[in-house]
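Worksheet for the structure shown next.
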Amino acid sequence: MTCLSRAASFYESNPCYKSHDYVAPLLLPSLMKTLIRLTFLRKIFYNAMAPAGIYEYVIARTKYIDEVFQRAMDKGFDQVLIFGAGFDTRAIRFQSGLKNMKVFELDVPVTQRAKIQQYGNRNILVPSNIVFISIDFDRESLRQKLDDSGFERNKRSLFILEGLLMYLEPHSITQTFTVIKEYAGKGSMIVFDTVHSSVLQHENLYYGEAGALQMVAKANEQWTFGMEKSDVEPFLVNYGFRLLDCKDACDLENTYFKGTDGNIVGRINGTHFIVTGEK
């Protein structure tokens, strides 16, 4: 769904809706790629198939994390670790600016194999500074996997957890962030998104909340973790990071969906917010 949204946004003409993930369309089946190039079909996609504001949220989140990624490159970070990388394409799209940076993509074997196969099918060259780490989280040690793959401790690193935290149990959150704390060198950054904790209680406080919950339920998944913006700073401090930025739907609309006339051109699903921290 994320890959499809990014691919669709690549063909948008409105600069607020247009993203620059030129790789995402290459990973789609040919027919689907042809269909999303048509404006009216894209509108059907994000008006009928996706919950209200989710298409806009994915676009804003992609742009936001792209900017964090760019900042890490500009500062000469040593390495990037992408948790649950899925069909993330940043290691390909930003290859020219990576220089000596390594990008480690962590995911379950079935998803990672599918991605690597698609790269091969589409003749997309995988550079040598991309390291794929397949892991069975129930049976394998994250620390051992990182050590075996060459991910180094105490280096200036960027940790990306995109579209992940809300699906994890609280004990998994603790384990994951404890590992990040152990490996992150001074100056490291972390970026993640999650949902408001009230969403888990189905309080229906936010634009598009009911539809987002229905989407998750239809996928036979469940959101199990959330927090409020007031919880973010103490959460980060507990793992050795300080809060740099925290943007909710309103903030993201004003950053990415404000037209030249000053009006908001697209509403963002209110269930999520995005956080950046620095060690």
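The values are calculated or read from the model by the stated rules, or taken from the named source; none is laboratory data. Predicted, not measured: the structure shown is a model, and the values here were computed from it. No Cβ is skipped: glycine too gets one built from the backbone with ideal geometry, and neighbour counts run over all protein chains shown. These accessible areas exclude ligands, DNA and RNA; they are computed on the full protein's heavy atoms, side chains included. Shrake-Rupley method; radii C 1.70, N 1.55, O 1.52, S 1.80 Å.
Residue count for the range 217-245 satisfying the condition of being open to solvent by 30 Å² or more (accessible area, probe 1.4 Å), of a type outside the set (A, V, I, L, M) and within 20 Å of A60 (Cα to Cα): 3. Only strands (runs of 3 or more DSSP E) whose full extent lies in the range 124-197 are considered here, and the ones with at least 1 residues that are out of contact with any Gly (no Cβ under 6 Å at 6 or more places or on another chain), under 16 Å from V108 (Cα atoms) and of a type outside the set (D, E) are 130-134, 157-161.
The set of residues from the range 1-23 being under 14 Å from T89 (Cβ atoms) and of a type outside the set (S, T, N, Q) comprises C3, L4, R6, A7, F10, H20, D21, Y22, V23.
Filtering T2, T62 for residues that are open to solvent by 20 Å² or more (accessible area, probe 1.4 Å) and in contact (Cβ under 8 Å) with a residue 12 or more places away in the chain leaves a single hit, T2. Filtering the range 164-190 down to residues that are of a type in the set (F, W, Y) and more than 15 Å from N154 (Cβ to Cβ), which residue is least open to solvent (accessible area, probe 1.4 Å)? Taking the candidates together, the pick is F177.
Restricting the range 253-269 to residues that are in a loop (DSSP other than H, G, I, E, B) and under 21 Å from T194 (Cβ atoms), which is most open to solvent (accessible area, probe 1.4 Å)? Let's see the steps before the verdict.
Step one: of the range 253-269, the residues in a loop (DSSP other than H, G, I, E, B) are 257, 259-263, 265-269.
From the residues that got through so far, the ones that are under 21 Å from T194 (Cβ atoms) too are 257, 267-269.
Details: F257: 0, R267: 132, I268: 2, N269: 0 Å².
Looking at the filtered set, the residue picked out is R267.
The set of residues in the range 62-113 being of a type outside the set (A, V, I, L, M, F, W, C), touching a strand residue (DSSP E or B) at 6+ places or on another chain (Cβ under 6 Å) and assigned to a strand (DSSP E or B) consists of Q79, K102, E105.
Output the number of residues of the range 150-208 satisfying the condition of being among the aromatic types (F, W, Y) and touching a strand residue (DSSP E or B) at 6+ places or on another chain (Cβ under 8 Å).
Here is the first cut: in the range 150-208, the residues among the aromatic types (F, W, Y) are 151, 159, 167, 177, 183, 192, 206-207.
Those left that are additionally touching a strand residue (DSSP E or B) at 6+ places or on another chain (Cβ under 8 Å): 151, 159, 183, 192.
Residues flagged as among the aromatic types (F, W, Y) and touching a strand residue (DSSP E or B) at 6+ places or on another chain (Cβ under 8 Å) within the range 150-208 amount to 4.
Restricting to the range 12-26, count the residues that are closer than 24 Å to A212 by Cβ and open to solvent by less than 50 Å² (accessible area, probe 1.4 Å). If you could, list the steps in order and put the result at the bottom.
In the first step, residues of the range 12-26 are kept if they are closer than 24 Å to A212 by Cβ; the result is 12, 14, 16-19, 21, 24.
Going one step further and asking which of them are open to solvent by less than 50 Å² (accessible area, probe 1.4 Å), we end up with 12, 16-17, 19, 21, 24.
Matching residues across the range 12-26 total 6.
Would it be correct to say that C250 is closer than 29 Å to R71 by Cβ and open to solvent by less than 40 Å² (accessible area, probe 1.4 Å)? Please lay out each step first, then the result.
Working: closer than 29 Å to R71 by Cβ: yes; open to solvent by less than 40 Å² (accessible area, probe 1.4 Å): no.
In short, no.
Confirm whether Y57 is touching a residue at least 12 places away in the same chain (Cβ under 8 Å), surrounded by fewer than 22 Cβ atoms within 10 Å (Cβ to Cβ) and either touching a Ser or Thr at 6+ places or on another chain (Cβ under 7 Å) or within 24 Å of D261 (Cβ to Cβ) (or both). So Y57 does not fit the description; no. Among the conditions (1) surrounded by 15 or more Cβ atoms within 10 Å (Cβ to Cβ); (2) assigned to a helix (DSSP H, G or I); (3) among the polar types (S, T, N, Q), the only one that Q214 does not satisfy is (1). Sub-7 Å Cβ pairs linking a first residue in the range 112-136 that is within 25 Å of S172 (Cα to Cα) to a second residue that is in a loop (DSSP other than H, G, I, E, B) and open to solvent by 60 Å² or more (accessible area, probe 1.4 Å), at least 6 apart or interchain, are K115/F87, ordered by first then second residue. Of the numbered conditions (1) under 16 Å from R6 (Cβ atoms); (2) under 18 Å from the mean Cα position of the chain (by Cα), A72 satisfies every one except a single condition; which is it? So A72 meets the others, but not (1).
Scanning the range 27-49 for residues that are modelled with pLDDT under 85 and either open to solvent by less than 20 Å² (accessible area, probe 1.4 Å) or acidic (D, E) (or both) yields R42, F45.
Condition first: open to solvent by less than 10 Å² (accessible area, probe 1.4 Å), within 29 Å of G185 (Cα to Cα) and not small (G, A, S). Can you find one or more residues in the range 106-126 that meet it?
Residues of the range 106-126 open to solvent by less than 10 Å² (accessible area, probe 1.4 Å): 106, 115, 119.
Next, from what is left, pick out any that are within 29 Å of G185 (Cα to Cα): 106.
Applying the additional criterion that residues be not small (G, A, S) yields 106.
Yes; the residues of the range 106-126 include at least one that is open to solvent by less than 10 Å² (accessible area, probe 1.4 Å), within 29 Å of G185 (Cα to Cα) and not small (G, A, S).
Close contacts from the range 82-104, counting a first residue that is touching a residue at least 60 places away in the same chain (Cβ under 8 Å) and of a type in the set (A, V, I, L, M, F, W, C) and a second that is in a loop (DSSP other than H, G, I, E, B) and surrounded by fewer than 18 Cβ atoms within 10 Å (Cβ to Cβ), with Cβ to Cβ under 9 Å and a gap of 6+ residues or different chains, come to I92/I124; I92/L125; I92/V126; I92/P127.
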